[in-house]
Amino acid sequence: MFDATPLARLYARWRLGRMNALDPAKAQAAQLQRLLRRACLTRFGRDHGFADIRSPEAFQRAVPLRSYDAFWESYWKDSFPTLTDATWPGSVSFLAESSGTTSGKTKFLPISEEMVVSNKRATLTMVALHFANKPDSRMLGGKSFMLGGSVAMTKRDGVPCGDLSGIAASRVPAWAKPYYYPPPALAEIADWEEKTTALAEDSVKQDIRALGGTTSWLLLYFDKLRKLHDKPDGKLTDFYPNLDMVVYGGVAFEPYRARFSDYVEGTGVDLREVYPASEGFLAIADRGVGEGLRLLLDNGLFYEFVPLEELEAENPTRHWIANAETGVNYAVVLSSCAGVWSYILGDTVRFVDLDPPRLLVTGRTSYYLSAFGEHVIAEEMEKAAAAAADAANAQLVDFSVTALYPNAESPRGRHLWFIEFTKPVEQEPMKRAAEAIDATLSDVNLDYRAHRAGGFGMDPPLVQQVPPGGFARWMRSRGKLGGQNKAPRVMTDPKLVESLREMSQETASP
């Protein structure tokens with residue numbers, strides 16, 4: 001296999017030089033103008049006067065914020081599946097199937113040829129950032145392993161539909177195929193358990209240099225490697241001796257940091273967080289773990305940022321990169337080269353730097369729990385879950401939270417946490433876990449603290465232990481196991497809550 005390392009080093013110097021030369025506001029304003037010119041003759045562009053828009057501020061006045069449902073009803077439903085000239089010129093090349101994390105409803109998101117190029121450029125930028133941080137890397141001397149959903153595609157009136165990993169696999173160029181793993185026969189397996197078992201058996205025979213996937217599913221796969229090969233304390237390099245980089249994303253990393261360390265500590269493997277979505281590839285870590293992801297300013301995307309507490313307001317404040325601030329929890333709004341415009345992505349972020357812009361993904365707009373006025377955001381839940389694991393002296397697998405409303409037997413409301421650890425935890429450590437959740441949320445959230453003060457507004461949280469493997473079994477029972485599917489952090493559907501409760505065998509902590 002040809003070692004492309006020298007070429008990667010040259011590309012890394014060129015790409016990073018180009019990124020470092022960008023003025024953030026000018027780069028984003030230019031991106032917006034290119035998008036507007038490209039789409040000015042679409043139905044959406046005509047409806048919103050794209051031909052006359054000359055600035056981000058004018059764009060914000062002309063184009064209201066929209067959700068997926070609003071796009072579907074107004075622009076996509078009548079021209080589905082080709083979406084010809086609806087919100088982007090021509091017909092779509094693919095439809096990315098994306099499952100709503102809390103609702104479970106399948107969304108079909110347009111993927112244009114320009115978006116295919118944008119995603120490839122983002123992947124190359126990730127490689128460039130890796131080489132910039134690890135110049136002696138030999139990552140391209142072997143194969144890159146993408147742990148995704150099934151790459152098998154279906155067609156709707158000739159338009160290929162499927163998981164993003166399937167779309168990416170279908171466009172791997174001929175020169176890159178020797179570096180790509182898994183092969184089609186394994187990648188097309190739909191059943192997650194069958195697929196990961198086959199991959200765990202076959203991949204250890206390959207020269208795997210890079211490994212990527214959704215954070216929580218990667219850990220389940222790592223656990224399978226240990227079990228299948230009878231190495232209960234094995235590091236990743238025990239299975240892949242030349243492994244150089246692990247790429248992760250999709251859910252907040254902090255609750256899983258300890259478990260990742262258990263697999264990579266002392267191995268020299270580079271951990272690199274990314275922020276891809278079905279709607280576009282937004283950001284990549286260019287520094288250490290937890291130090292922020294660098295926003296891609298020149299890759300066919302225009303970003304807006306709405307303070308989370310204003311998202312449901314009639315006229316929310318809409319920032320862009322020229323006037324965004326550090327330390328504010330924003331809902332991300334995206335316009336793209338696939339034809340979403342001022343689209344509410346569903347993610348929340350907080351900037352840690354502005355030049356160049358770096359951000360932390362703090363959660364989902366739907367991962368916001370305020371059943372009693374406590375206003376707990378996803379980032380705070382993640383911190384509380386990590387504190388619970390520390391208090392129980394256990395490693396976290398997954399968690400989900402719901403609200404228990406007042407009734408005749410319990411006059412005050414409270415939160416119910418479903419938490420799975422890697423091994424069963426006794427009653428006393430589980431009690432400490434519940435106390436740690438309560439203390440952490442009281443420490444980081446003034447509204448929660450006020451509602452808990454003296455037991456006036458809320459009772460302390462309950463914690464229900466989900467037995468090892470319980471979340472995976474629950475996701476399988478819902479047809480949501482593996483790939484890009486993620487367990488909902490906040491559940492509002494009583495049927496979901498009851499099904500997870502039934503899957504759990506432990507008793508709620510007092």
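The values are calculated or read from the model by the stated rules, or taken from the named source; none is laboratory data. For clarity, every value in this text was computed on a predicted model and none was experimentally measured. In this analysis, Cβ positions are derived from the backbone assuming ideal geometry, glycine residues included, and neighbour counts consider all displayed protein chains.
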How many of the residues making up the stretch 277-293 are surrounded by 22 or more Cβ atoms within 10 Å (Cβ to Cβ) and either in a strand (DSSP E or B) or without any contact (Cβ under 8 Å) to a residue 12 or more places away in the chain (or both)? 7
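Residues are listed down the side, and each one gets a yes or a no for (1) crowded, with 18+ Cβ neighbours inside 10 Å; (2) in a helix (DSSP H, G or I); (3) free of Cβ contacts under 8 Å to residues at least 12 places away in the same chain:
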site	(1), (2), (3)
417	yes, no, no
420	yes, no, no
431	no, yes, no
435	no, yes, no
441	yes, yes, no
464	yes, no, no
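Here is a yes/no grid of residues against (1) without any contact (Cβ under 8 Å) to a residue 24 or more places away in the chain; (2) of a type outside the set (Phe, Trp, Tyr); (3) under 16 Å from residue 93 (Cβ atoms):
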site	(1), (2), (3)
154	yes, yes, yes
157	no, yes, yes
160	no, yes, yes
168	no, yes, yes
171	no, yes, yes
177	yes, yes, no
184	no, yes, no
189	no, yes, no
For the stretch 111-121, state whether one or more residues are assigned to a strand (DSSP E or B), modelled with pLDDT of 95 or more, within 20 Å of residue 275 (Cβ to Cβ) and not aromatic (Phe, Trp, Tyr). yes
Just wondering, is there one or more residues in the stretch 232-247 that are acidic (Asp, Glu), outside the structural domain of residue 378 (by TED's automatic domain parsing), at pLDDT 95 or above and not in a loop (DSSP other than H, G, I, E, B)? yes
In the stretch 443-462, residue surrounded by the most Cβ atoms within 10 Å (Cβ to Cβ) [restricted to those that are among the small types (Gly, Ala, Ser) and within 13 Å of residue 374 (Cβ to Cβ)]: 457
Just name the residue that is nearest to residue 194 (Cα to Cα) out of those in the stretch 145-160 that are part of a strand (DSSP E or B) and under 20 Å from the mean Cα position of the chain (by Cα). 147
Out of 326, 348, 362, I need the residue that is of a type in the set (S, T, N, Q), in contact with a helix residue (DSSP H, G or I) (Cβ under 6 Å, 6 or more places away or on another chain) and surrounded by fewer than 24 Cβ atoms within 10 Å (Cβ to Cβ). Which one? 362
How many residues of the stretch 256-273 are in a strand (DSSP E or B) and touching a helix residue (DSSP H, G or I) at 6+ places or on another chain (Cβ under 7 Å)? The answer is 3
